Amino acid sequence: MRDQWQEYYRRGWWRRRTFLDDLGDAAAADPGKPAVVDHRADGGGRVVGYGELAAAVDRYAGALVDLGVEPGQIVAVQLPNWWEAAALPLACARAGVAVCPVLPFYGRRELAHILGLTEARVLVTVPAWQEKPLASWAVELAGELPRLDHVVVAGGQGPAGTVAFDEAFGGAGSAGGPGSAGRGGELDRRQLGPDDPWQVLFTSGTTGEAKGVVHSQNTLYAACRGYLEVLGLDGGLVTSVTHALTHQAGFGQGLLAALLVGGTQVWQDTWDGDVLLDLVERHRVTQVYGAPTFQLDVLDAQEARPRDVGSLERVVTGSAPVPPHLVERIRDVLGVRTFSLWGMTENGTVTITGRDDPQDWAAHSDGRPIEGMEVRIDPAGLEDQPEGTGRLLVRGAAQCLGYLHRDELYAAALDDDGWFDTGDLARDDGRGGIRVAGRVKEIVIAHGFNVPVPEVEAALAAHPKVREVAVVGVTDPDADEQVCAVVTAAGEPPTLEELRAHLEGQGMMPWFWPARLEVVDDLPKTTSGKVRKVELRERLTRA
């Protein structure tokens, strides 16, 4: 492995610097330049310059030392998209500890699993989020987990047994406060290097128990570097990422990508397509990144009440299949080109469509590998798949260091040559890239045929009465599996007969048509926009 690391350094995919160096450079060059635009649904929020962000990182790092966190330990951060959630991970690196970003949407069970596995010493959270009593859960768990010493609550009054954020870390804009004095030399000695474990981020758990993926600053740098290079991004970047900062998309494409080029990141703590468009107009956002489900919300909002989006230069989407009609709507409604990418918590951005691809290529491809990453399609053992489709294997400089306390699980996903089995199926896109064709464990077999789920979903999504669709297999006592289409409607709901006639018009084999239709208000999703198909299947089976 160390030989590989030296090669990554030699090729420039890794570096001796860290994201703290990038922050210091940006703060020195233009301390007043906006680093984070923090918009909050309650009317709060503020614009934080690079100089203020750098000062907060040092102050927070000193506070972590005061809280007794030792080098190599872990701090959990469960905050909405507030500017403090951008400062705290960098403060962890400055204090020599790893950060575990935790989605505020998680329930008590997920929180207990994460805090128990990481043995986090500090949890920074909020009193409640979306009717989940996060701080109360945390206090209960602190009584069960001997390593959790402090529950720090931001954005409101916490229950007994918690510490107020301002008391622990100092208030917004504070020049002094806890941890601010006499810590410089100690922080310099503790500060993480580029290859030290820094981020422990849990997978979304759509196919089983969530695993803690461990990244260094260099593995994350490799992914961000390739992403920025393909899109040609620089300090003029003003990006709005629709995902949570505590998700890999928000952490990488938002926080780290903007930091690398000295750009600006624009956040909202509660998702709203209308609000995003207002922020684009007000702050001259140049790029919007988000999964297809978020982009649909933006398009609907813009059609209902057009805003000035002339500053936009591109839309980037991924984290879920990109339906062809979405690319056309983005072009027609927002007037910009769409780029699609593919990646995982384990490796960030791996493939992305490029500026030299055809204008609509995001509708047909998930792109070519970024520099420093390799992909391979392995059809072995998948003889029932269409020709050219196989398991998607990846390796390279952006690949994570492993799974926290789960070495055997990570080793099982690697072959002798270091190829990581993603669990996805893919095929060649004809231009040196890939098109993801589904999950190995999401195969639907009907009438003895393997149903091409992404193709069926793409065809159904083009029906004028369909807003979103997921195709799943539901066990039928009289057959192998029943193809079920679960849709949210764009107005009047479609009928099963209408959808089957639509697929017939598309020339799709009848055995691939849905035998069952369920119309729902919303599809259950992970925060990255992926449909929780396990949950859908369970729900449909009970019904």
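The values are calculated or read from the model by the stated rules, or taken from the named source; none is laboratory data. Because the structure is a prediction, the values reported are computed rather than measured. Cβ placement follows ideal geometry from the backbone for every residue including glycine, while neighbour counts extend to all protein chains displayed.
Key figures for this structure:
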{"item": "Residues (among the β-branched types (Val, Ile, Thr) and part of a strand (DSSP E or B)) located in region 287-312", "result": "VAL288"}
{"item": "Every residue from region 498-543 that is touching a helix residue (DSSP H, G or I) at 6+ places or on another chain (Cβ under 6 Å) and assigned to a strand (DSSP E or B)", "result": "LEU517"}
{"item": "Criterion violated by PRO31 - all others in (1) assigned to a helix (DSSP H, G or I); (2) farther than 20 Å from VAL153 by Cβ satisfied", "result": "(1)"}
{"item": "Leading residue by the ranking (surrounded by the most Cβ atoms within 10 Å (Cβ to Cβ)) among those in region 121-137 that are at negative phi and either without any contact (Cβ under 8 Å) to a residue 40 or more places away in the chain or of a type in the set (Lys, Arg) (or both)", "result": "ALA135"}
{"item": "Residue among ARG17, ARG10, ARG59 that is at pLDDT 95 or above, within 27 Å of the chain's Cα centre (by Cα), basic (Lys, Arg) and on the phi < 0 side of the Ramachandran plot", "result": "ARG17"}
{"item": "Candidate set: region 356-383, residues that are loosely packed, with under 15 Cβ neighbours inside 10 Å and either within 13 Å of VAL440 (Cα to Cα) or of a type in the set (Gly, Ala, Ser) (or both); chosen: the one modelled with the lowest pLDDT", "result": "GLU383"}
{"item": "Sole exception among (1) small (Gly, Ala, Ser); (2) modelled with pLDDT under 75; (3) touching a Gly at 6+ places or on another chain (Cβ under 9 Å) for ALA164, by number", "result": "(2)"}
{"item": "Long-range neighbours under 8 Å by Cβ, at least six apart or interchain, first residue without any contact (Cβ under 8 Å) to a residue 40 or more places away in the chain within region 213-235, second aliphatic (A, V, I, L, M) and buried (at least 24 other Cβ atoms within 10 Å of the Cβ)", "result": "LEU228/ALA257"}
{"item": "Which numbered condition ALA222 fails, given (1) part of a loop (DSSP other than H, G, I, E, B); (2) buried (at least 24 other Cβ atoms within 10 Å of the Cβ); (3) out of contact with any helix residue (DSSP H, G or I) (no Cβ under 6 Å at 6 or more places or on another chain)", "result": "(1)"}
{"item": "Among the candidates VAL238, VAL266, residue that is within 29 Å of GLY44 (Cβ to Cβ), outside the structural domain of GLU535 (by TED's automatic domain parsing), of a type outside the set (Ser, Thr, Tyr) and buried (at least 24 other Cβ atoms within 10 Å of the Cβ)", "result": "VAL266"}
{"item": "Matching residues in region 62-93 - criterion: being assigned to a loop (DSSP other than H, G, I, E, B) and either of a type outside the set (A, V, I, L, M) or not assigned by TED's automatic domain parsing to the domain that holds GLU131 (or both)", "result": "GLY68, GLU70, PRO71, GLY72, GLN73, GLN78, PRO80, ASN81, TRP82"}
{"item": "Residue count for region 384-407, restricted to those that are surrounded by fewer than 23 Cβ atoms within 10 Å (Cβ to Cβ), assigned to a strand (DSSP E or B) and out of contact with any helix residue (DSSP H, G or I) (no Cβ under 7 Å at 6 or more places or on another chain)", "result": "4"}
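Let's see how each residue does on (1) among the aliphatic types (A, V, I, L, M); (2) in a loop (DSSP other than H, G, I, E, B); (3) closer than 30 Å to ASP195 by Cα; (4) assigned by TED's automatic domain parsing to the domain that holds THR527:
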site: CYS100; (1), (2), (3), (4): no, no, yes, no
site: TYR106; (1), (2), (3), (4): no, yes, yes, no
site: GLU110; (1), (2), (3), (4): no, no, yes, no
site: LEU115; (1), (2), (3), (4): yes, no, yes, no
site: ALA120; (1), (2), (3), (4): yes, yes, yes, no
site: LEU148; (1), (2), (3), (4): yes, yes, yes, no
site: VAL151; (1), (2), (3), (4): yes, no, yes, no
site: GLN157; (1), (2), (3), (4): no, yes, no, no
